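Let me begin by presenting the structure, written as structure tokens, before commenting on it.
FYI, it's all coordinate maths here, none of it is from the lab. Note that this is a predicted model, so its numbers are computed, not measured. With ideal geometry, Cβ positions are generated from the backbone for all residues, glycine too; neighbour counts draw on all protein chains shown.
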Amino acid sequence: MRAFFSDEQLLHEPRQFMRAGRLCEPTDVPARAAALQHALAARGIELAAPPDFGRASLESVHSPAYLDFLASAYARWQELARPGFEPGIEVLPNLSPYHNGKVGEPRRPVCPTDSVIAQAGYYLGDLSCPLGPDSWRAILRGAHSAVAAARHVCERQDGAGMAYALCRPSGHHAHSDRAAGFCYVNNSAIAAQTLLNRFGKVAVLDVDAHHGDGTQQIFYHRSDVMTLSLHADPAGYYPFYTGYATERGYGAGYGYNLNFPLAHGSGDAEFLSALDGALDALRDYRPQAVVLALGFDTYENDPISVLKVSMDGYRGIGERIHALGLPTVVVQEGGYEVEAIGRGLDAFLAGFAPAMA
């Protein structure tokens, strides 16, 4: 198994995020990546730094104007400083525009103003996505890890295999033109789009605790990528506004988006039962390759989880993904109990182990 990670992904060190009206210590800390690295090393899996692929792969799913904002925002934020007006330590929005979005529109228009304050409100969907001095480089290199993993799977002559992208920051809440939920660019969507260079149909299966709302938005109008998300019931959990079973896709994409919301407190039995249902639908779709958006914030002791998945549950996920027998790119998403996420990855790999040769 090949695994990809760039040390530059550690450069993103957020200093704050808003939770229930209170600025809190960040949970997406660099130590998360270190814990996952240790788990891979214990299994003898070496991490390779991905090549610098530039922006082309990101532009396959994201608005160029949005990427321009991510790349330039921090420097422009600092330029706002003048006597009596000192911008904050990171780029964070202090306003949010009303956009009468329609499901028939694949994305919003470009922000109508060049003001960095206005663009922060337009392109940063909440207060969990601060941009610091080195955030863009980390974001870009995290996406490159996903591209490298997908390219590795595409280049396998036997049309099989599995690759792991240790992506940080996470990605599945990132829309085509909006950051949210610790996510800036959608690594899982980028991996799926890269796989389409070889495979005719791809499925993105998301097993993070939160609905993959960004992935859903990116592919909602399309039939060449099926999106399936298992997550805690969003009626009382982030991202709140999406992730309901009634959301099925639109136009050519109708029927190719499936959500499996789970009651809060659900454990291994409920989660794996829902996963079995999702996998039945996935098999009916007959994809030629799979992206697994793998989160460990479903863990029973995760500080922001409302689900109760155990290490045995992660082993069960690995076993089921292996049983698909499909080329697979695993993209790391959430998981914020640093002492547990390495064990979660190890348990998943133990279930997937027969395919790791």
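A P(r) calculated from all alpha carbon pairs of segment 79-226, with 10 Å bins opening at zero, reads 10, 35, 32, 16, 5, 1, 0 percent. Shape summary of the chain, radius of gyration then Dmax from alpha carbon positions: 19.0, 64 Å. The spread of Cα positions in segment 81-136, taken along each principal axis and listed from longest to shortest, comes to 44, 22, 16 Å. Projecting the Cα atoms of 195, 14, 162 onto the dipole axis of the chain, where Lys and Arg carry +1 and Asp and Glu carry -1 at the beta carbon, places 195 farthest toward the positive end.
Note on the chain: with charges restricted to the Cβ of Lys and Arg (+1) and Asp and Glu (-1), its dipole about the Cα centre is near 680 debye. Working ranking of peptides 291-298, 137-144 by packing, defined as the average number of other Cβ atoms within 10 Å per residue, highest first, is 291-298, 137-144.
Charging the Cβ of each Asp and Glu at -1 and of each Lys and Arg at +1, and nothing else, the dipole of segment 177-335 about its Cα centre rounds to 600 debye.
If R0 is 35 Å, the Cβ-Cβ spacing of residue 284 and residue 240 corresponds to a FRET efficiency of close to 0.75.
Of all DSSP-defined beta bridges confined to the chain, some 20% are antiparallel rather than parallel.
In terms of surrounding Cβ atoms within a 10 Å radius of their Cβ, 336, 164, 244 rank from fewest to most as 244, 336, 164.
Among 73, 163, 48, the largest mean-square fluctuation in a Gaussian network model of the chain, built with springs joining Cα atoms closer than 10 Å, belongs to 48.
Give a quick list of chymotrypsin sites (Phe, Trp or Tyr not before Pro) in segment 176-240 that DSSP marks as loop, anything other than H, G, I, E or B, with at most 16 other Cβ atoms within 10 Å. Before the final figure, lay out each step's value.
Values: sites: 182, 184, 199, 219, 220, 237, 240; in loops: 182, 184, 199, 220, 237, 240.
When the chymotrypsin sites (Phe, Trp or Tyr not before Pro) of segment 176-240 are filtered for loop state and at most 16 Cβ neighbours within 10 Å, 240 remain.
The ellipsoid equivalent to the alpha-carbon distribution of segment 261-351 has semi-axes of 22, 15, 11 angstrom, derived from the gyration tensor eigenvalues as √(5λ) and listed largest first.
Of 287, 133, 51, the residue with the greatest mean-square motion in the GNM of the chain, using alpha carbon springs below 10 Å, is 51. Sorting 60, 188 by the number of Cβ atoms found within 10 Å of their own Cβ, with the fewest placed first, yields 60, 188.
In the chain, taking the dipole from charged Cβ atoms about the Cα centre, the farthest positive-side position among 306, 240, 34 is held by 240.
Given +1 at the Cβ of Lys and Arg, -1 at the Cβ of Asp and Glu and no other charges, the dipole of segment 140-235 around its Cα centre is 300 debye to the nearest 20. Taking the longest Cα principal axis of the chain as reference, the axis of helix 31-42 is set at about 30 degrees. Per-peptide packing, taken as the mean over residues of other Cβ atoms within 10 Å, places 322-334, 264-276, 299-311 in the sequence 322-334, 299-311, 264-276 from highest down.
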